[in-house]
1. Go through A:Gly304, A:Pro341, A:Gly282 and say which Cα lies farthest out towards the positive end of the charge dipole of region A:231-363; charges sit on Cβ, +1 for Lys and Arg, -1 for Asp and Glu.
2. Using R₀ = 56 Å, calculate the FRET efficiency as 1/(1 + (r/R₀)^6) where r is the Cβ-Cβ separation of A:Glu362 and A:Gln102; round to 0.05.
3. Round to the nearest 10 and give me the degree value, 0 to 90, for the angle of helix A:317-336's Cα axis relative to the longest principal axis of chain A.
4. Per residue and in cubic angstrom, what volume does the convex hull of the Cα atoms of region A:179-233 have?
5. Given A:Phe271, A:Met114, A:Val32, which one lies farthest toward the positive end of the charge dipole of chain A, if we put +1 on the Cβ of every Lys and Arg and -1 on the Cβ of every Asp and Glu?
6. Counting alpha carbon pairs within less than 8 Å and at least 6 residues apart, what relative contact order, in whole percent, applies to region A:270-369?
7. Can you list residues whose amide H is under 5 Å from A:Leu157's amide H, if they're 5+ apart or on another chain and H is modeled 1.01 Å from N?
8. List, in the order given, every pair from A:Lys88/A:Lys168; A:Lys56/A:Lys87; A:Lys1/A:Lys168; A:Lys76/A:Lys117; A:Lys34/A:Lys76 whose Cα-Cα distance in the structure shown is over 29 Å.
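The values are calculated or read from the model by the stated rules, or taken from the named source; none is laboratory data. Quantities reported herein were computed from a predicted structural model and do not represent experimental measurements. As a convention, Cβ positions derive from the backbone with ideal geometry for all residues, glycine included, and neighbour counts pool all protein chains shown. Just the protein is used for accessible areas: all its heavy atoms, side chains included, with ligands, DNA and RNA removed. Shrake-Rupley method; radii C 1.70, N 1.55, O 1.52, S 1.80 Å.
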Amino acid sequence: KDALALGVKPADIHPRVSENMDEIILMVKTLVEKGHAYELEGDVYFDVRSFGEYGKLSGRDLDDLKSGARVQVDEKKKDPLDFALWKKAKPGGPSWESPWGQGRPGWHIECSAMSMKYMGPTFDIHGGGFDLIFPHHENEIAQSECYTGEMFAKYWLHNGFITVNEEKMSKSLGNFFLVREVLEKFPGPVIRFFLLSTHYRSPLDFSDTKLAEDAKALARLQNTWNRLQEAVPAGEEESLAQMARDTRNRIEEAMDDDFNTALAVAELFAFSREINSALTRGMSEKELLLARKVLKDFAIDILGIVQEDSPALAEDSALTARLMELIIEIRTTARSEKNWPLADRIRDRLKEAGILLEDTPEGPRWKVQ
RNA sequence: GGCGACGUAGCCAAGGGGUAAGGCAUGGGACUGCAAAUCCCUGAUCCCCGGUUCAAAUCCGGGCGUCGCCUCCA
């Protein structure tokens, strides 16, 4: 539900470790057979020295890691960095039958086993937080590539953290909260905008103040789209056409460049300003089509920050629209008679009811919330 | 201690050799009965110090600062 509110598309598969135990065990077994792993009293460890490229993702080499090691938990492992593929069962803990006795998977193997089961030995993109680069993703690469002999993931996208007061948000620090809680204060598109307004690799400090600013900023874009929807073609002007093309190109370029969403959003704002000016002067049919298409493609479909149907149009639209028509008519009469107290009172009361009424040069407009 | 990322206007944030996108805020103006929306104008030499270069915020070296990883859990 929360994902939906943020406009996140549902995943096709949500694999569970407990349902993929056969694949996991087969993978561990094969790694042992290939000489990349060894058993030790019911545990199975991956031999990091057996994978020459170990450290290629995080840019470390084994000797650096060794000399810099902070903790020496070393027991009988061949190398302190060898990590567990399979762990002997602990009393009371969940466990499964395996060639090495009762036990459970180590903490990296399940990701490899399940991703390769559903997507094959090589897939395009592997995501995750920056904190997972080492050791988690490094280990995934080692075990997967030793298992298949092929490249694991082609691209790694590591996102920066959401921080709170500049500190990593985490369970252990207790400074975390849920999307659900944020959604009580800000609509989904605003949260999306907040997340997209900085590059995904950068850390992002969470604050209500920032969200509130973003809500205002996003309203500009949404406004432009709403006006564009209501606009009626006028004239033959075409000056916006070139900018529409340029904007499209620049946004595509930005997105192709490692998903530079912040730049893409900036282009939308620049374009939005031009549209607003053009709207005031009256846009031709051609301009309207092009402008709508750009916003529809990028702001609505790709970035998902602008809503195609403004809330006002979405719910109870027919009845509300008729009532609003009536109210506006009355108020317009009052205004023409310079009955300002009444005109203001209508506007104020509507505001209390959650409806914003604006007198624009093109006539009164209203919107919910 | 080792490895890595980052440090751009009051705040958020792109860019990454040729004199700095965008947003919020501020101040001024246009429009308006007022308000809102919208438009115009308004602000930085890019943490510090050296170096390379015709030219550096952008490259190199050294500082300082912030954050992350290097242990269990995922």
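1. A:Pro341
2. 0.15
3. 40
4. In region A:179-233, the Cα convex hull volume per residue is 89 Å³.
5. About the Cα centre, the residue reaching furthest to the positive side is A:Phe271.
6. 14
7. Those qualifying (amide H under 5 Å, at least 5 residues apart or on another chain) are A:His126, A:Gly127, A:Gly128.
8. Over 29 Å Cα-Cα: A:Lys88/A:Lys168; A:Lys76/A:Lys117.
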